[in-house]
Amino acid sequence: MKSSLKGALVYSTEVGRICSGCGLAIAQCACNGLAKAAPLGDGVVRVSRQTKGRGGKSVTVVKGLALDAIALALLGKQLRTACGSGGTVKDGVIEVQGDHCELVMEILKKHGHSAKRAGG
């Protein structure tokens, strides 16, 4: 199933999300091997606070983690739980609601990542 097809299936209650390239379940998809590979980083995790485009609400952003999607989601869950707030993982970036930069940096250092503060 190609993504250029209008009305292509993107979710099924039987298998969950469906790959737009091959039409298989995401867990069985092999066409996006590059997306499943761990992204290359420079070895430095950058933690910053952003408010732009969020209605004035601050969000702690973690970039530069060289982890695969599953490990990144697990780390995001641990960070959100430790901070006691919500958040998400999008495009290799962990977002935690609120200003939790110092706590996030401590947790990342405990996990063996070299984290540094980015931005103002």
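Separation between the Ile70 and Asp91 pseudo-spin-labels, each 7 Å from Cα along Cα→Cβ, expressed in nm?
2.5 nm
Using the Cα atoms of the stretch 44-117, I'd like the radius of gyration and the largest Cα-Cα distance, Dmax, both in angstrom.
Computed over the Cα atoms of the stretch 44-117, radius of gyration and Dmax are 11.1, 34 Å.
Laboratory data are not the source of any read-out in this text; all were calculated from the coordinates shown. All values derive from a computational prediction rather than experimental measurement. Backbone-built Cβ (ideal geometry, glycine too); neighbour counts: all protein chains shown.
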